[in-house]
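The values are calculated or read from the model by the stated rules, or taken from the named source; none is laboratory data. Just so it is clear, the model here is predicted, and its values are computed rather than measured. Note that each Cβ is placed from the backbone with ideal geometry, even for glycine, and that neighbours are counted across all protein chains shown.
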Amino acid sequence: MEPNKEFKMEVNIQKGENEQTNRSLVGFSDQESLRSIFVLLGSRPDSKQKLFSRKVVINLEDIRDLNNKIKSKLLLHPHYECLTKVTVKLDKREIVEFGKWDDYQDFDWKIPRKTEEIIVRWEFLIGIQGQQAPRPHKLIVKIGSTPDPRSIMRELFSGTLEADHDFDFLLARTTAIVEFTEQRLAEELLAVVEEWNLSLKTPSEISHFVTKLTQWKSLISRSIRYSIPIFSMAFLISTYYRIPQIQGDMDLRFPWLLGSLTLFWFFTHLGDYLANSAYQALMEYGDSSPFEITRGDTTYREQLTKDNGKKLTKSMIRIVVTIVYDLSLAVLTYFTLNSLNLK
């Protein structure tokens with residue numbers, strides 16, 4: 001859509017004998033127009049961003065749909081030609097940049113590389129009522145995977161995160177940033193991105209039981225860590241009262257005490273190992289990739305599904321072993337102490 005007023009800028013430079021320079025701007029007679037040119041030539045406009053943490057699955061058609069929605073929104077405003085650029089970050093530090101939207105669409109994505117991030121930029125000039133010069137606007141949508149826990153810890157200890165919003169930015173799966181001079185248009189563009197994000201499909205849902213396990217991973221870990229040494233100590237103490245010879249003979253009491261402390265040390269470390277192992281498996285469970293674009297993405301998503309199954313099995317084995325062990329010692333302790341009462 002062409003704006004009503006013609007946008008025109010002309011710079012004339014003339015030099016005389018005394019090397020004086022005469023510069024003139026033609027077509028801008030008011031302060032607001034000069035401000036527009038100042039913004040055009042390098043002044044940083046206002047910016048606003050919105051973060052989306054929702055897990056989604058994105059394919060090529062979804063990216064096309066977002067571009068169509070943005071272009072449709074721009075048709076409602078007097079604007080100049082919109083330039084769309086796409087940057088795709090692949091694994092093994094490979095980056096593919098497209099200066100035009102058609103180049104991105106025509107690219108053959110049947111490649112073995114895995115997609116790590118996609119950044120789409122829309123750069124355009126918006127004609128604003130009452131101003132002769134259009135204003136530059138830019139919308140950036142970045143789509144990526146949530147960093148793994150090791151990457152998050154590395155960022156936290158690196159000192160590069162200066163505020164809470166930096167941490168939120170790190171965890172966001174989709175980020176929309178708009179640089180604007182027209183507030184209403186900025187809000188409309190962010191709303192379009194939000195609506196698009198909500199329309200995306202999500203990864204395959206896991207069962208309610210597994211969801212609760214991952215939510216209670218800290219409680220499960222503490223239960224394993226402390227229950228094993230506690231039930232072990234209870235059983236060892238019951239054997240002291242069950243065997244009269246130990247109570248009356250100092251020569252037997254010392255070996256019993258030394259053996260009990262050794263077993264208690266062993267089972268304490270066993271509880272720590274099982275607790276840490278179960279917690280790590282539950283924390284890493286549910287890893288997913290948002291991309292279904294390249295053949296490498298398909299292979300990677302299949303591998304993640306297998307890995308999630310192994311992590312769930314690993315955590316369940318630790319939980320079952322702990323429950324069986326604790327129940328066994330509880331039963332043994334009960335019958336040991338009960339035999340004393342029968343006597």
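Residues checked against (1) hydrophobic (A, V, I, L, M, F, W, C); (2) on the phi > 0 side of the Ramachandran plot; (3) over 23 Å from the mean Cα position of the chain (by Cα):
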| residue | (1), (2), (3) |
| --- | --- |
| Ile63 | yes, no, no |
| Lys69 | no, no, yes |
| Ser72 | no, no, yes |
| Pro78 | no, no, yes |
| Glu81 | no, no, yes |
| Thr84 | no, no, yes |
| Val88 | yes, no, no |
| Glu94 | no, no, no |
| Phe98 | yes, no, yes |
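Candidates in segment 41-82 are the residues that are assigned to a helix (DSSP H, G or I) and among the polar types (S, T, N, Q); of these, the one that is modelled with the lowest pLDDT is Ser72. Out of curiosity, is Val26 closer than 19 Å to Arg121 by Cβ and either at pLDDT 80 or above or not polar (S, T, N, Q) (or both)? It is false that Val26 is closer than 19 Å to Arg121 by Cβ and either at pLDDT 80 or above or not polar (S, T, N, Q) (or both). Listed by position, the helices (runs of 4 or more DSSP H) enclosed by segment 232-343 that each have at least 1 residues that are of a type in the set (Gly, Ala, Ser) and under 27 Å from Leu213 (Cβ atoms) are 250-284, 295-342. Can you spot a residue in segment 99-116 that is at pLDDT below 90 and surrounded by 15 or more Cβ atoms within 10 Å (Cβ to Cβ)? No, segment 99-116 has no match at all. So for segment 270-277 (the condition being farther than 30 Å from Ile118 by Cβ, outside the structural domain of Asn59 (by TED's automatic domain parsing), out of contact with any Pro (no Cβ under 7 Å at 6 or more places or on another chain) and surrounded by 19 or more Cβ atoms within 10 Å (Cβ to Cβ)), does at least one residue qualify? Taking every residue of segment 270-277 in turn, at least one turns out to be farther than 30 Å from Ile118 by Cβ, outside the structural domain of Asn59 (by TED's automatic domain parsing), out of contact with any Pro (no Cβ under 7 Å at 6 or more places or on another chain) and surrounded by 19 or more Cβ atoms within 10 Å (Cβ to Cβ). Can you find a residue in segment 86-96 that is touching a helix residue (DSSP H, G or I) at 6+ places or on another chain (Cβ under 9 Å), surrounded by 12 or more Cβ atoms within 10 Å (Cβ to Cβ) and in a loop (DSSP other than H, G, I, E, B)? Yes. Might you check whether a residue that is over 19 Å from the mean Cα position of the chain (by Cα) and of a type in the set (Ser, Thr, Tyr) occurs anywhere in segment 285-293? Scanning segment 285-293 turns up no residue that is over 19 Å from the mean Cα position of the chain (by Cα) and of a type in the set (Ser, Thr, Tyr).
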